[in-house]
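Everything on this sheet refers to the single structure shown next.
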Amino acid sequence: MRYLSTRGQAAPRDFEAVLLAGLAEDGGLFLPESWPSLSPAEWRGLRGLPYAELAARLMHRFTGDTLPFETLREMTGAAYAGFGHPAVAPLVQLDTRTFALELFHGPTLAFKDMAMQLLGRLFDHALARRGSRITIVGATSGDTGSAAIEACRDRQAIDMVILHPEGRTSEVQRRQMTTVLAPNVANLAIQGSFDDCQDLVKAMFADVPFRQEMGLGAVNSINWARVAAQIPYYAYAALALGAPERPVAFSVPTGNFGNVLAAWAVKQMGLPVERLIIGANRNNILARFLAANDMSIRGVEPSLSPSMDIQVSSNFERLLFELLGRDGAATAGVMQRFRAEGRMPVPDAAWRAATALFRGFTLDDPGTLAEIRHLWASAGYLADPHTAIGTAAARAHAPEDLGIPVVVAATAHPAKFPDAVEQATGLRPPLPPRLADLYEREERYAVVPGTLAEVEAFVRAHARRNG
Ligand SMILES: *Cc1c(COP(=O)(O)O)cnc(C)c1O
């Protein structure tokens with residue numbers, strides 16, 4: 001299995017090179033040269049497997065010969081062993097035809113663990129094989145940092161420093177990061193805003209001698225391996241509900257387009273996906289695109305579903321490349337004009353092709369609270385604000401054929417957003433048992449005012465300690 005760039009200029013690579021590179025050198029994103037496709041009999045043969053086994057079998061189609069199957073199977077086994085539910089990603093029925101696919105039973109209670117837990121292990125294995133190490137630096141306003149820390153803790157070839165704005169994350173979010181006392185992980189509280197943290201990380205990457213000395217790396221959401229590791233749970237849900245004989249629809253609360261792209265990928269791989277529904281909060285660039293071919297950048301406004309407060313959905317470029325007939329030069333041209341003009345000139349035929357499969361849906365904060373209340377009243381189900389946008393979108397855009405089930409990606413545990421859930425239902429969802437002592441655990445983090453020199457000195461000291 002080889003991978004090419006959506007902008008057509010980078011040389012094809014294997015899975016391991018794509019994993020370590022992240023972004024292609026022409027600025028594009030990597031995609032498989034062709035989609036692996038399974039016959040109906042092959043899909044049926046995967047039905048009923050434990051999640052970790054299914055994940056290994058499907059991921060193996062993407063890792064190719066860069067990884068022995070047995071090694072991959074050990075990794076998926078270890079990655080999902082620590083989840084708080086024996087099904088890993090259980091399906092919960094909400095009404096006659098709607099199901100929540102719970103992706104939040106990992107260590108940080110959000111769906112990013114599903115991919116990150118595997119990614120940390122893939123990184124470590126690839127680096128060890130090459131005899132190299134990396135220092136991952138990242139900025140977080142809360143969620144992504146904790147998922148990355150849990151994924152990379154105690155890894156041999158990885159050191160990690162995560163910057164967060166002091167006093168500006170929720171206490172649950174801070175504690176999920178700072179109570180990880182692994183020797184290769186360090187947390188740095190910056191006396192400033194999230195933007196200050198991001199600027200410091202950018203400045204470290206721009207400092208070329210420092211970047212090379214430390215072997216700086218990132219685990220960002222455009223990494224192909226993250227998308228690939230999200231494909232198995234859509235297949236798991238579809239098979240459980242009767243695919244390949246019975247079609248399914250998916251409704252996905254969406255920010256960077258990574259999660260819904262994985263749902264699109266299972267269709268490319270031969271499963272009957274009838275419709276893909278994209279839920280958005282008021283930051284609804286994708287819903288505007290699907291409604292009126294209006295992919296234009298607006299300012300980000302805060303909402304009750306902060307993990308979807310985005311301006312640009314970076315993974316959309318992968319779908320664009322497919323819609324443009326895998327023409328790298330055309331994709332590069334559209335992306336360049338998007339950067340320059342703030343509006344993406346998607347050709348009409350490509351837009352029409354997208355609207356044949358995708359539907360968009362927007363829900364504001366009052367609507368989100370009303371949906372959380374409705375789910376609690378109708379099904380006794382406590383949903384977080386992101387998931388609630390997915391269920392409302394599912395109801396609005398479910399296929400006419402009632403025989404087609406709609407699976408909603410439940411992306412965060414309600415206890416991760418207790419204030420919104422309490423506001424809607426009067427109930428404050430408790431943390432699951434394995435995290436119940438989070439408020440008693442020892443924290444460790446350093447506070448620095450946040451000059452580049454101070455932060456670089458900290459990273460250097462931390463990485464050397466493990467070198
Ligand atoms: C990251 C995140 C999303 C958005 O996922 P994308 O892959 O960026 O579309 C939705 N919900 C939650 C809870 C998240 O953490």
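Using Cα-Cα distances under 8 Å and only pairs 6 or more residues apart, what relative contact order does the chain have, in percent?
19 percent
Taking 0.36 nm per residue of sequence separation and subtracting the Cα-Cα distance, how much length would be gained by fully extending the chain between A379 and D309, in nm to one decimal?
22.4 nm
Dipole magnitude of the chain about its Cα centre, charges +1 at Lys/Arg Cβ and -1 at Asp/Glu Cβ only, in debye to the nearest 20?
Roughly 660 debye, rounded to the nearest 20.
Show the residues, 5+ positions off or on another chain, whose built amide H is closer than 5 Å to the amide H of G279.
It is V252, T254, by chain and number.
Collect residues whose amide H, placed 1.01 Å from N in the peptide plane, falls under 5 Å from the amide H of A139; neighbours closer than 5 in sequence don't count.
HN-HN under 5 Å from A139: L163.
Given L319, Y381, Q336, which one lies farthest toward the positive end of the charge dipole of the chain, if we put +1 on the Cβ of every Lys and Arg and -1 on the Cβ of every Asp and Glu?
Of the candidates, L319 comes out farthest on the positive side.
Name the residue farthest towards the positive end of the dipole of the chain from the options I222, A238, N293, assuming +1 on Cβ of Lys and Arg, -1 on Cβ of Asp and Glu, about the Cα centre.
Looking along the dipole axis, the top candidate is A238.
Hey, rough spin-label estimate for E422 and A218, points 7 angstrom out along Cα→Cβ, what's it come to in nanometres?
In this crude spin-label approximation the distance works out to 3.6 nm.
Determine the per residue accessible area of segment 163-312 with all protein chains present and a 1.4 angstrom probe, expressed in square angstrom.
Heavy-atom SASA per residue in segment 163-312 reads 32 Å².
Give me the net charge for the shell around D401: Cβ to Cβ below 11 angstrom, other residues only, Lys and Arg +1, Asp and Glu -1.
Counting the neighbours of D401, the net charge comes to +1.
In segment 1-97, which GluC sites (Glu not before Pro) fall in coil by DSSP and have 16 or fewer other Cβ atoms within 10 Å?
Passing both the DSSP loop test and the Cβ count: E25, E33.
Using +1 at the C-beta of Lys and Arg and -1 at the C-beta of Asp and Glu, which of M269, V180, P405 has the Cα lying farthest in the positive direction of the dipole of the chain?
Of M269, V180, P405, it is M269.
When Lys and Arg each count +1 and Asp and Glu each count -1, what net charge do the other residues less than 12 Å away from L216, Cβ to Cβ, add up to?
0
Counting only other residues whose beta carbon sits under 14 Å from that of A424, what net charge do I get with K and R as +1, D and E as -1?
Every neighbour counted, the sum reads -4.
Would you mind working out the magnitude of the charge dipole of segment 1-141 relative to its Cα centre, with +1 at each Lys and Arg C-beta and -1 at each Asp and Glu C-beta, to the nearest 20 Debye?
40 debye
Taking 7 Å along the Cα-to-C-beta vector as the label spot, tell me the R246-Q191 distance in nanometres, rounded to one decimal.
6.0 nm
With a ≥ b ≥ c taken as the square roots of the eigenvalues of the C-alpha gyration tensor of the chain, please select rounded if a/c is under 1.5 and otherwise prolate if a/b is larger than b/c or oblate if it is not?
Here the chain falls in the rounded category.
Roughly speaking, what is the centre-to-centre gap between segment 1-79 and segment 147-169 when only Cα atoms are used, to the nearest Å?
Rounded to whole Å, the Cα centres lie 25 Å apart.
Counting only protein heavy atoms and using a 1.4 Å probe, what share of the accessible area of the chain belongs to carbon plus sulfur, as a whole percent?
51 percent
Give me the distance in nm between label points sitting 7 Å out from Cα along the Cα-to-Cβ direction at R444 and S37, one decimal.
5.2 nm
For segment 24-147, what is the accessible area per residue in Å² when the probe is 1.4 Å?
It amounts to 36 Å² per residue over segment 24-147.
Given the C-alpha centroids of segment 260-329 and segment 99-136, what is the distance between them in whole angstrom?
Taking the Cα centre of segment 99-136 as reference, the centre of segment 260-329 is 23 Å away.
Where in segment 198-215 does the label zone of T451 land, with the point 7 angstrom along Cα→C-beta and an amide N cut-off under 20 Å?
198-211, by backbone N distance to the label point.
Given the DSSP H assignment, sum -39500 (n - 2.57) over each helix run of at least 4 residues in the chain and divide by its residue total; what's the result at 222 nm in deg cm²/dmol, nearest 500?
Counting only the DSSP helices, I get -13500 deg cm²/dmol.
The values are calculated or read from the model by the stated rules, or taken from the named source; none is laboratory data. All values reported here derive from a predicted model rather than from experimental measurement. In this analysis, Cβ positions are derived from the backbone assuming ideal geometry, glycine residues included, and neighbour counts consider all displayed protein chains. SASA here: full protein model, heavy atoms, side chains in, ligands and nucleic acids out. Shrake-Rupley method; radii C 1.70, N 1.55, O 1.52, S 1.80 Å.
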